[in-house]
Structure formats: C-alpha cells, structure tokens
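Read the figures in this text as sums done on the coordinates, not as results from a lab. Keep in mind the model is a prediction, meaning the values are calculated, not measured. Backbone-built Cβ (ideal geometry, glycine too); neighbour counts: all protein chains shown.
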Amino acid sequence: KLHVEMSIPLYFGWFLFYTVQDQVRETATKFLKTLEVLESFKKHIISGKEEAKEVDLEQYFKAKGTLHCTTKFTDYGKAEGAKEYTDKQVVQDLYGSVSDLSLSALFITPRTVGARVSLSEDQLQLWPADAEKEAESEVPGAGALPLGSRAHVTLGCADGVQPVQTGFDLLQIIMLQKDGQQGEQVDIDPGTLTYYGEGRWYLALKEPISATACFSSIYK
Ligand code: A2P
C-alpha cells in the first residue's frame with residue numbers, strides 16, 4: 001500500500017500573484033523615492049559621522065525572491081510546531097486557496113522595508129496562535145498584541161539582514177503605536193507618514209492595496 005504524507009516545507013504563506021507582485025514592487029519603489037526627497041526624511045537620516053545629503057534607498061534595500069506573507073516558518077520540520085501546523089485541518093483544507101491580502105501600511109527601518117498585512121477573519125484561521133509570542137525575545141511585549149499583528153510582506157532588507165527581521169521591525173512599530181507614541185507626522189499623497197525615531201517610518205495607506213495571493217508553501 002502506498003503511503004503518502006505531506007513532507008514539511010521551508011515555510012507556508014500567501015504568495016502574491018505575479019502581476020500583483022509587480023504592482024506592489026512599483027508602489028514600494030514610489031514610496032522609497034518619495035522618502036528620499038522628503039525634507040523631514042533627510043533631516044533624520046542617521047549617517048554616522050558624515051552628513052548624508054543623498055541616499056539611494058533602492059540600492060540600500062535588496063529585494064529577495066517572490067513576494068509573500070509567511071504564516072508559519074516550518075524549516076523542513078525543524079521549527080517548533082512545524083508538524084502540528086502542517087497537519088492542521090484548516091491548513092490542509094485551505095492549501096491552494098486564493099484570497100485578497102489587504103496591505104494597509106508600508107514601513108521602513110534601517111534594516112528592512114515591508115508592507116503590513118491586515119488579515120481577514122478567514123485568513124486568521126491560518127495564522128499560528130504563537131506567531132506574536134515567538135517574537136517576544138526580540139520585541140518584548142509583542143506576545144500581548146492581537147493575533148496577526150506580525151503579518152507582513154518583506155519588500156527588501158539591508159545588506160546582511162535576514163528577512164525574519166521585517167516582522168520584528170513591524171511589531172516594534174506597533175508596540176510604539178500601542179504605547180501612544182505620536183511620532184512626527186507628515187501628510188503625503190498616499191496617506192499619513194509617521195516618524196517614530198531610530199530610523200523607523202510608517203506610512204498608513206488611505207486606500208489599502210488589495211493583493212491577490214495563493215496560500216501555499218515553498219521548498220528550496
Ligand atoms: P519574512 O516572512 O519576514 O519575509 P529565509 O530566506 O531566511 O530562509 O526565510 C524564508 C522566509 O521565511 C522569509 O520570508 C522569512 O521572513 C521567513 N522566516 C525565516 N525565519 C523565520 C522565523 N524564525 N520565523 C518566522 N519567519 C521566518
């Protein structure tokens with residue numbers, strides 16, 4: 001008798017459709033270009049010793065691979081809870097399903113650039129209950145944030161920075177917002193841009209970007 005079992009992938013997530021990836025990349029590039037010429041951005045560039053007059057953010061952030069929103073990093077079964085997640089009924093049932101991700105904000109830090117994903121009730125069924133808690137050691141207090149707070153699409157990383165950092169950077173910004181930190185606000189065309197110090201910028205989009213994506217997994 002043939003026994004077929006799903007082998008555990010590197011990670012599960014929603015993978016943006018190709019045409020949508022191009023649109024999102026374009027929007028991200030526009031965002032970086034807007035920042036580059038913004039007076040308040042230039043003022044806050046932490047450049048070490050020298051006064052940086054110009055910065056090329058598109059050079060600074062390296063884009064990596066296909067755009068997606070990770071639900072569970074399973075690491076071929078080595079990650080904690082990998083098998084449990086893979087075996088979940090809802091994961092099996094919704095594998096291959098297509099839905100729209102709502103990208104509600106864009107953010108950059110000296111380490112990463114990403115898009116915040118606001119998950120729907122249905123999409124939250126695929127979100128691991130401990131995703132925010134797992135970030136607790138990196139972002140103290142993150143475990144108490146609502147489920148799905150960590151959901152994001154990594155758009156680029158600075159040299160030597162791993163993509164897992166994007167979720168931590170987002171959680172850190174959400175923590176600051178929760179603590180009532182006002183930041184420094186600038187109104188720009190696509191929404192409200194807030195500077196939270198230490199090179200952290202957050203653009204809340206007036207119109208969220210709807211990105212069609214397929215729930216699936218990847219083996220490399
Ligand atoms: P992200 O979801 O922020 O983009 P890598 O290329 O390092 O193997 O990572 C593959 C994908 O899995 C990336 O999308 C990455 O981050 C995500 N990822 C890597 N490590 C973790 C982790 N420990 N927890 C959650 N997601 C991770």
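A few points about this structure:
- By the rule of a C-alpha distance below 29 Å, with chain neighbours fewer than 8 residues away ignored, the lysines paired with K178 are K30, K33, K42, K43, K72, K133, K206.
- By the helix-only formula, in which each DSSP H run with n ≥ 4 contributes -39500 (n - 2.57) and the sum is divided by residues, the chain has a 222 nm mean residue ellipticity of -7500 deg cm²/dmol.
- Degrees between helix 164-178 axis and first principal axis of the chain (Cα, 0 to 90, nearest 10): 60 degrees
- Of Y18, A105, L176, farthest towards positive along the dipole that unit charges on Lys, Arg, Asp, Glu beta carbons give the chain: Y18
- Over all other residues within a Cβ to Cβ distance under 11 Å of G148, the charged ones net out to 0, with Lys and Arg as +1 and Asp and Glu as -1.
- Dipole check for segment 74-200: with +1 at the C-beta of Lys and Arg, -1 at the C-beta of Asp and Glu, and the Cα centre as origin, the magnitude is about 100 Debye.
- Rounded tilt (10° steps) of 18-36 against the dominant C-alpha axis of the chain: 20 degrees
- Taking the Cα centre of the chain as reference, the dipole from Cβ charges on Lys and Arg (+1) and Asp and Glu (-1) amounts to some 360 debye.
- The rule of thumb for compact globular proteins, 2.2 N^0.38 Å, goes into the C-alpha radius of gyration of segment 1-155 1.24 times.
- Relative contact order, percent, the chain [alpha-carbon distance under 8 Å, six or more residues apart]: 29 percent
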